[in-house]
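What follows is one structure encoded as structure tokens, with my remarks underneath.
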Amino acid sequence: MSAVEPLQQTDLFTEAIKRLDRAQEYAKVHPEAIERLKHPKSVLSVAVPVRMDDGSLRLFDGYRVRHDDTRGPTKGGIRYHPQVDMSEVKALALWMTCKCAVVGIPFGGGKGGISVNPKELSHMELERLSRGFIRQIADFIGPDTDIPAPDVYTNSRIMGWMMDEYSRIKRQKTPAVITGKPISLGGSQGRDDATGRGGYYCLKELERIRGWNPKEISIAVQGFGNAGQHFARLCHNDGYKIVAVSDSRGGIYREEGFDVPSLCYSKNVNRELKAVYCKDSVCDTVEATSITNEQLLELDVNVLAPAALENTITDVNAGRIKAPVLVELANGPVTPEADRSLEEKGSLVIPDILANAGGVTVSYFEWVQNRSGYYWTEEEVHTRLREIMSREFNAIYERMTSAKIDMRTAAYAHALDRIGEAVEAHGTSAFFGTSGRS
Ligand code: NAD
């Protein structure tokens, strides 16, 4: 089992709310609504006892945050990672509030996590931990209040266990309590690749605007998990050159580009990120250079897609980032200080609350299908996702151009307009006790 690399940890939530202050002046939102968003609606901290395979007892710290439910039930993933703490979960929940507003789906923002390195747990220990966590938060979540989903180091199998545990507690099948489930338990077609696909649809819009020929565009992807792999695969199918990828152990670079399905095969089946070309299950090694994650970020490529964790591009390395376009598949990979440095260079950052919103959008589709009991085809999911991602990308791009602001500020302003409108629609007395926006 490999250890997960340590991250530079600042107070993420404090950093995250800086974006609201910046966007406020470009949005139709009352300052009191911004003040409200600086304080999560409710937070829950739990200790999850787990009987380990060797008979010993271990306790794991878990968190669930409902940041804001003005626009609908709160929605957001559950992360398993050693560095999960309350501040990180609060920041991730705030980003979810903004993300759901960016794509116009009727949810607020929530998030959860457990401080654990899942690579050190057996399959059975992982299941006991996941079910134990749900037992602790069962009164906090629900299909009309707070709906979890997968995030880093959690997947559809874990979502299936969690839904099953919740249904046992409530003594009724409740598929809509959680999204990202296996298809056999009420999952949606197209949820698995939705995050990477949403980022890919954003890139396709940029390709159209800039008149790109995909064959001339090189891409580096940092983090080769769910979001990174699917993004790389879809871009590769269109002829884009995926020249570098990495995981927590390091990366590989090849100027001519990789055969992405082969890399995915090696990573998912053999659990190894390796420069290979595979025909069925027979893989040959191809020439490539081993690089570190830091080197990957600083490569001279056309597009950089950070798809791992937050605080990856900071004031320390922002000056060395050469890619003119960044697609933030991860949440919060660029710090506010690094934003400024990238902006000065004229880099275009397609921000996380737009670029990775495909995941929550298809999670919304899954919730709708669970509640109606009628299931869509994969083509229907793709068509509806593309429509939303393209519409919101273009609205934000247009706002960025006309207001002469960066794309992140435009995306936040776009979200704050929608949140502000919902705050007003609620009636102000319950919310603030004073009048609405000026
Ligand atoms: P995942 O667990 O499937 O993959 C994470 C990948 O990142 C793995 O390949 C891991 O090895 C790699 N990694 C971990 N630490 C790293 C490090 N220090 N340097 C480089 N690589 C590292 O997770 P995921 O679901 O793909 O999530 C990745 C990012 O996308 C997260 O920021 C997550 O919040 C965001 N995101 C995911 C979804 C989703 O639906 N899965 C939706 C929206 C946003």
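Here are the numbers for this structure:
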item	result
Residue list for the stretch 324-334, restricted to those being open to solvent by 10 Å² or more (accessible area, probe 1.4 Å) and more than 10 Å from the ligand (Cβ to nearest atom)	Pro324
Residue among Thr154, Thr179 that alone is within 23 Å of Val46 (Cβ to Cβ), within 16 Å of the ligand (Cβ to nearest atom) and open to solvent by 10 Å² or more (accessible area, probe 1.4 Å)	Thr154
Cβ pairs under 9 Å, 6+ apart, first in the stretch 139-157 and touching a residue at least 12 places away in the same chain (Cβ under 8 Å) and part of a loop (DSSP other than H, G, I, E, B), second acidic (Asp, Glu) and more than 16 Å from the ligand (Cβ to nearest atom)	Phe140/Asp146; Thr145/Asp69
Residues (within 14 Å of the ligand (Cβ to nearest atom) and in contact with a helix residue (DSSP H, G or I) (Cβ under 6 Å, 6 or more places away or on another chain)) located in the stretch 306-323	Ala307, Ile313, Thr314
Residue ID - surrounded by the fewest Cβ atoms within 10 Å (Cβ to Cβ), chosen from residues in the stretch 68-108 that are more than 12 Å from the ligand (Cβ to nearest atom) and acidic (Asp, Glu)	Asp85
Residues within the stretch 224-244 that are assigned to a loop (DSSP other than H, G, I, E, B) and either open to solvent by less than 10 Å² (accessible area, probe 1.4 Å) or touching an Asp or Glu at 6+ places or on another chain (Cβ under 8 Å) (or both), tallied	3
Helices (runs of 4 or more DSSP H) within the stretch 299-401 that include 3 or more residues at pLDDT 95 or above and touching a Cys at 6+ places or on another chain (Cβ under 9 Å)	352-355, 358-372
Residue within the stretch 171-191 that is touching a Leu at 6+ places or on another chain (Cβ under 8 Å), more than 21 Å from Leu309 (Cβ to Cβ) and in a loop (DSSP other than H, G, I, E, B) present	yes
Single residue of Ser167, Ser130 found to be hydroxyl-bearing (Ser, Thr, Tyr), within 15 Å of the ligand (Cβ to nearest atom) and either outside any loop (DSSP other than H, G, I, E, B) or surrounded by fewer than 20 Cβ atoms within 10 Å (Cβ to Cβ) (or both)	Ser130
From the options Asp247, Asp280, Asp259, residue that is on the phi < 0 side of the Ramachandran plot and away from the ligand (no atom under 16 Å from the Cβ)	Asp259
Hits in the stretch 247-263 - residues which are touching a residue at least 40 places away in the same chain (Cβ under 8 Å) and not charged (D, E, K, R)	Ser248, Gly250, Gly251, Tyr253
Hey, Ile209 among the aliphatic types (A, V, I, L, M), open to solvent by less than 40 Å² (accessible area, probe 1.4 Å), over 15 Å from Leu263 (Cα atoms) and away from the ligand (no atom under 13 Å from the Cβ) or not	no
Per-region count, the stretch 212-223, residues open to solvent by less than 30 Å² (accessible area, probe 1.4 Å) and either basic (Lys, Arg) or within 15 Å of the ligand (Cβ to nearest atom) (or both)	4
Residue in the stretch 18-27 that is nearest to Asp68 (Cα to Cα), counting only those that are crowded, with 16+ Cβ neighbours inside 10 Å and of a type outside the set (Gly, Ala, Ser)	Leu20
Scan of the stretch 140-151 for residues that are under 18 Å from the mean Cα position of the chain (by Cα) and more than 16 Å from the ligand (Cβ to nearest atom), ordered by number	Asp146
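Every residue, every condition in (1) surrounded by fewer than 21 Cβ atoms within 10 Å (Cβ to Cβ); (2) touching a residue at least 24 places away in the same chain (Cβ under 8 Å), yes or no:
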position: Lys267; (1), (2): yes, yes
position: Glu272; (1), (2): yes, no
position: Ser281; (1), (2): yes, no
position: Asn293; (1), (2): yes, yes
position: Leu304; (1), (2): no, yes
position: Lys322; (1), (2): yes, yes
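The values are calculated or read from the model by the stated rules, or taken from the named source; none is laboratory data. If you're wondering where the values come from, they're calculated on a predicted model, not measured in any experiment. Note that each Cβ is placed from the backbone with ideal geometry, even for glycine, and that neighbours are counted across all protein chains shown. Heavy atoms of the whole protein, side chains included, go into the accessibility calculation; ligands, DNA and RNA do not. Shrake-Rupley method; radii C 1.70, N 1.55, O 1.52, S 1.80 Å.
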